[in-house]
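Take this structure, written in structure tokens, and hold onto it; I'll ask about it next.
The values are calculated or read from the model by the stated rules, or taken from the named source; none is laboratory data. Bear in mind the structure is a predicted one, so any value in this text is a computation, not a measurement. As a convention, Cβ positions derive from the backbone with ideal geometry for all residues, glycine included, and neighbour counts pool all protein chains shown. What goes into the accessible areas is simple: the full protein's heavy atoms, side chains included, and nothing from ligands, DNA or RNA. Shrake-Rupley method; radii C 1.70, N 1.55, O 1.52, S 1.80 Å.
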Amino acid sequence: MRTINRWLTDMRNLLAPSACSCCDARLIEHEHLLCTACQLELPRTHYAYAPTENEMAQLFWHQLPIERAAALFFYEGLSAAAQMIYDIKYRDRPDKAYQLGLLSATELADSGFFKDIDFIVPVPLAPKRQAERVYNQAEELALGLSHGTGIAVNSHCVKRCLFNGSQTQLGHWGRADNVKDSFVATNTTAIEGRHILLVDDVCTTGATLIACGQAITAVTHVRISIFSLAVSAKIR
């Protein structure tokens, strides 16, 4: 099903002029995904260049032992950059997630952030949510990162067994309670003793990434780093 959706997306992009993912302006030659103006204005975090003690990494202190953490840009509601997140989650645009993953890999290539990572592990969706959306935007992001870095994706070492509703309107502690015991590790032999990069589309309080990481570390010895496409601007 995902292959069919990607084929349809490719055909749509071939038949219709490509538009900027942020502002919808028509892209010109050599522009891809974002126009030059939006590329320059994307609110980048630059966390990959200081990945151990930035504000995002601090979300995980005393919760999940991580090696490093980074996001490409800051997320703020109603912003142009936030529109891209909305599109990949709710408007059937897995292609945007993939291309943003590839963009992230390209932009952060010289930061050393991906050094010694053995596997990229996307945060899974619950089966019902996966069926509704058809694709997992975190997995599409991971596949784009994989394309750009050459690091393999492992989507089979953890699964989501519970979905208690959206996190959007919940506060810090509500988010943590909402995802408690929602993940279970499976088929972890391949990642035993390895360094994995846990990937999600947005990091707000870190609750989902913490719950997912804790499920993995409960049954296997791994080193964990964190990457999200966006991180809440409120952590600054």
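Could you work out how far apart the two model spin labels at residue 129 and residue 55 are, taking each label as a point 7 Å from the Cα in the direction of the beta carbon, and quote it in nm?
2.4
Okay, next question. Sorted by average packing, counted as other Cβ atoms within 10 angstrom per residue and highest first, what order do 228-235, 71-78 take? Show your work: numbers first, answer last.
Working: 228-235: 21.8, 71-78: 19.0.
Peptide ranking by packing, descending: 228-235, 71-78.
Roughly to the nearest percent, how much of the accessible area of the chain is carbon and sulfur, given a 1.4 Å probe?
With neighbouring chains kept in place, the figure for the chain is 53 percent.
How far, in nm, would the chain grow between residue 78 and residue 26 when pulled straight, counting 0.36 nm per residue and subtracting the alpha carbon separation?
16.6 nm
To the nearest 20 debye, what is the magnitude of the charge dipole of the chain about its Cα centre, counting +1 on the Cβ of each Lys and Arg and -1 on the Cβ of each Asp and Glu?
Here the chain has a charge dipole of around 580 debye.
Once the dipole of the chain is set up with Lys and Arg at +1 and Asp and Glu at -1 on Cβ about the Cα centre, which of 138, 43, 184 lies farthest towards its positive end?
Farthest towards the positive end: 184.
Follow-up question, since we're still on this one. Quick check on the chain: helices-only [θ] at 222 nm, where DSSP H runs of length 4 and up contribute -39,500 (n - 2.57) each and the sum goes over total residues. Nearest 500, please.
Values: 9 runs with 88 residues, N = 236.
-11000 deg cm²/dmol, from helical runs alone.
Treating the Cα atoms of the chain as identical point scatterers in vacuum, please give the log10 of the normalised Debye intensity I(q)/I(0) at q = 0.13 Å⁻¹, two decimals.
Each listed q maps to, in turn, -0.75.
What aspartates and glutamates could a cross-link reach from residue 128, if we take a straight Cα to Cα line under 19 Å and drop same-chain neighbours fewer than 8 places away?
Qualifying aspartates and glutamates at Cα under 19 Å: 92, 139, 140, 181, 200, 201.
At residue 40 and residue 110, where each label point lies 7 Å from the Cα along Cα→Cβ, what is the point-to-point distance in nanometres?
With each label point 7 Å from Cα toward Cβ, the separation is 1.9 nm.
Along its three principal axes, how long is segment 27-148 when you only count alpha carbons? Whole Å, largest extent first please.
40, 38, 29
Considering the alpha-carbon set of segment 88-138 alone, what are its Rg and its Dmax in angstrom?
13.3, 39
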